[in-house]
Structures are given as C-alpha cells and as structure tokens.
Amino acid sequence: MQSSLLDYLRCPVSGKRLTIEVIDYYEKQYSSKTIKEIKNAILFSEAGFFFPIINGIPRMQLESVLIFSDFFKKYLPDFEKRKKALIEKYGGIISERYKMNKPTRKSFGFEWGLLKSNETKIWHNNMSEFENELFTELDEPNSLHGLLAIDIGCGHGYSSHFMANAGAIVVGLDMSLSIEVAYKECKNEKIHFVQADLQFPPVQHHLFDIVYSSGVIHHTNNTELSFGIIQELVKTGGKLTVWLYQPIPSLLHNTILFARKFTRHISVRLQFWLYFFTILPIYKFYLALKGKKMSWREIMIDLLDILSPFYRYEHQPQDVECWFVKHDYSDVKITNSNLFGFSIVGKKKGF
Ligand SMILES: C[S@@+](CC[C@H](N)C(=O)[O-])C[C@H]1O[C@@H](n2cnc3c(N)ncnc32)[C@H](O)[C@@H]1O
C-alpha cells in the first residue's frame, strides 16, 4: 500500500481518519518506477476498530478482527483486550457481517481464481472491446486526467487498470481475495487496492469524481440500499455509473434462476466440479455444432457467476433511474444495454 492512500481511507463506521502503525515496508515494481510501499501494518480508528494491512492490501471489513486474528495475535500485543472491547461495543454487527459476507467472499474468490493472469477475454469481450465498453458506460472520453475514481467490486481489476491508464487515480475496492491477484498483477502506480465491504466503504465520502460499479451491487442483500451507500462517495458534480442485471423473459433463464434456489447453498468448489463434468461438456458440444469456441475457463466463470453467488437480483432500468433522481442526480441516462443488463450513469447535482 502506498502511504498516499491514507489520505482517502476512513473508518468505515465513524468516517474519521485512521492512525497507522507500520510493521514493515517493501519495494513494489511498477512499469515506470519502483515504490517503497507499506507491506504489513495496522490501522486504528477512534471508534475502537482496527484493520490489518497484509501483503500491501488494507483489509477493512468490519469482520477483519475475526478473519485476520492470526495476524493480530502475531503483531498486536494487546489484541485480546482490544478485541474484547470491540466485540462488547459492536459484536452484533461484526458477527452479522461475518456470516453475511462469507459466501460472497468465497464464491467470487473462487470464480476470479479461474481467470488466467494473461487472460485475453473477459465477459466475452477482448481487452479492447472491454475498454471501449467501459468508457461507453462511464460516458467519458478516453482521458480521465486529474480525476479520482473508485471501482467498487473491482474483482480482477481490469476496469481499474483501464481507468488508471486513461489518467485517473483509482481506488479498486472488493471484498473477495481476487483483490490479491489484482494488486499483485498491477503495474500502474495510480491504482490502490482495498479489501472492503461496499456497504461499509472505508473511504472519505463525497470525494470521488467517478464512482463506477459494474455487475456488483445486485450481488448484495439489497441493491437499492447498496446504491444509496455508494452514491454517497460521489462529490458534487461527479458521476456515478452502475451496471445491473435486468430480467430476461426466457424459459431457460427462469429455469436457471429456479436452480439457483438450490445451487447458491452448495459449496462453490463442489459446484465447480459438478458443472465441469456435466454442463461444460454439453455446452462445448453445443458451441462446436454452432462453429463457436470458448475456453473452459470462460464458460466456468459464466456458470459460476450466475449459479454460485448467494445474492443475485435483477432490476428494471426505470426503477434504477428513480434511485438516481431520488438521490439528487441529474443527466441520468442508460449508456449501454444488452440482453443481460444495462449500465446507467448520472451526475450529482450541486447544493
Ligand atoms: C460479477 S463480479 C464483477 C467484477 C467487475 N466489476 C467486472 O465488471 O468484471 C462482482 C464482484 O463484486 C464483489 N462484491 C460482491 N459483494 C461485495 C461487497 N459487499 N463488497 C465489496 N465487493 C463485493 C465480488 O467479490 C466480485 O468480485
């Protein structure tokens, strides 16, 4: 983690600045320079929360105290005392978030683990198509110089990468361990990664020129609630862009949604092998008949993306337009749409 990220980070509960105790540093190699970064450290909030920075990434979920207890036992001498005080004050919400977020962390951590580091395609697009689509969704030219962006649910980190290449400083936020791969592969020093829950974003509110979230908030327990939370990060005059699933009136799709009622309760690893030996060969055969090709990884990512997440909602564009208007956004428009979903952008009005 670069020290400059501290300027944007805040306690996800109190919204106040954090203090830091650094354990060690290391040198991270970017394409144009080497930067001395914080490798391991602990962030402290006045509210009593404490969050580890492990291998260069701040881990800022409320439940970090439970997930990273081994790290704290090693590096925080009064860990047990602090943990007791924190649990006394916030035990209810910490254990609730732990239970709620665990399936999401696992399913997406596994799903993105299937992506090869030199992947040439994502969501059926090659890299330049993916990049073009991103700028269409953002409704921005390919230059983002001087802008501060946050990529909520950045997953593999490709969108963060393209925004940074266009000149923006980008914070990539995701709850799953995909963030570790995204950070490791990152060659652009303008990108910072944070492992966090978008419903408790550990960053300063009303700060970002661009808040971008593609295919993410419909994977939370309440899409509209998540929308309301992430829109708080946009500064006056800034933009919010979200991509969301929409309902598909097809028997096959509705059968898959029905199957989800069961599959979302099965471990993602078991689902992988189940689909690998059943749906994958059938689908490959179907593609061959049509003269098409897709790598097994691409197919499995698609399958897991629809069948494994615990939450997956679909929304009508006109409902989402209302959310924008309700939160005082203007210039709301659909920038991209296909059978599966749509992206929608709006500009935050001044006071
Ligand atoms: C379908 S992927 C989309 C990834 C990327 N934005 C893209 O367009 O390819 C959804 C991502 O949202 C993340 N996610 C889901 N719920 C989250 C939450 N509450 N907080 C942070 N990230 C979350 C998942 O870990 C996953 O990486």
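The values are calculated or read from the model by the stated rules, or taken from the named source; none is laboratory data. Keep in mind that what you see is a predicted model, and the values were worked out from it rather than measured. Ideal geometry is used to build each Cβ from the backbone, glycine not excepted, and the neighbour counts take in all protein chains shown.
Among the residues of the range 262-272, some residue qualifies, meaning at least one is within 15 Å of the ligand (Cβ to nearest atom) and either touching a helix residue (DSSP H, G or I) at 6+ places or on another chain (Cβ under 6 Å) or hydrophobic (A, V, I, L, M, F, W, C) (or both).
Filter the range 131-190 down to the residues that are among the hydroxyl-bearing types (Ser, Thr, Tyr) and away from the ligand (no atom under 11 Å from the Cβ), then identify the one that is modelled with the lowest pLDDT. Spell out the reasoning first.
Start the filter on the range 131-190 by keeping residues that are among the hydroxyl-bearing types (Ser, Thr, Tyr), which leaves 136, 143, 158-160, 176, 178, 183.
Next cut, away from the ligand (no atom under 11 Å from the Cβ) only: 136, 143, 183.
Details: 136: 95, 143: 90, 183: 95.
Filtering the range 131-190 for residues that are among the hydroxyl-bearing types (Ser, Thr, Tyr) and away from the ligand (no atom under 11 Å from the Cβ), the one modelled with the lowest pLDDT comes out as 143.
Among the residues of this structure, residue 321 counts as one that is more than 16 Å from the ligand (Cβ to nearest atom), under 30 Å from residue 203 (Cβ atoms), of a type in the set (D, E, K, R) and modelled with pLDDT of 95 or more.
Check 52, 77, 58 and return the single one that is within 16 Å of the ligand (Cβ to nearest atom) and in the same structural domain as residue 17 (by TED's automatic domain parsing).
Numbers: 52 fails: within 16 Å of the ligand (Cβ to nearest atom); 77 fails: within 16 Å of the ligand (Cβ to nearest atom).
When all the criteria are applied, what remains is 58.
The set of residues in the range 88-112 that are surrounded by fewer than 17 Cβ atoms within 10 Å (Cβ to Cβ) and among the basic types (Lys, Arg) comprises 89, 99, 102.
Report yes if residue 196 is among the small types (Gly, Ala, Ser), within 11 Å of the ligand (Cβ to nearest atom) and surrounded by 17 or more Cβ atoms within 10 Å (Cβ to Cβ), otherwise no. So that I can check it myself, show each step before the final result.
On the way: among the small types (Gly, Ala, Ser): yes; within 11 Å of the ligand (Cβ to nearest atom): yes; surrounded by 17 or more Cβ atoms within 10 Å (Cβ to Cβ): yes.
Answer is yes for this residue.
Take the conditions away from the ligand (no atom under 14 Å from the Cβ), touching a residue at least 24 places away in the same chain (Cβ under 8 Å) and either out of contact with any strand residue (DSSP E or B) (no Cβ under 8 Å at 6 or more places or on another chain) or not assigned by TED's automatic domain parsing to the domain that holds residue 9 (or both) and apply them to residue 240. Does it pass? Working first, answer last.
Working: away from the ligand (no atom under 14 Å from the Cβ): yes; touching a residue at least 24 places away in the same chain (Cβ under 8 Å): yes; either out of contact with any strand residue (DSSP E or B) (no Cβ under 8 Å at 6 or more places or on another chain) or not assigned by TED's automatic domain parsing to the domain that holds residue 9 (or both): yes.
Yes, satisfied.
Would you confirm whether or not the range 296-318 contains a residue that is touching a helix residue (DSSP H, G or I) at 6+ places or on another chain (Cβ under 9 Å) and loosely packed, with under 13 Cβ neighbours inside 10 Å? Looking for residues that are touching a helix residue (DSSP H, G or I) at 6+ places or on another chain (Cβ under 9 Å) and loosely packed, with under 13 Cβ neighbours inside 10 Å, one finds none in the range 296-318, hence no.
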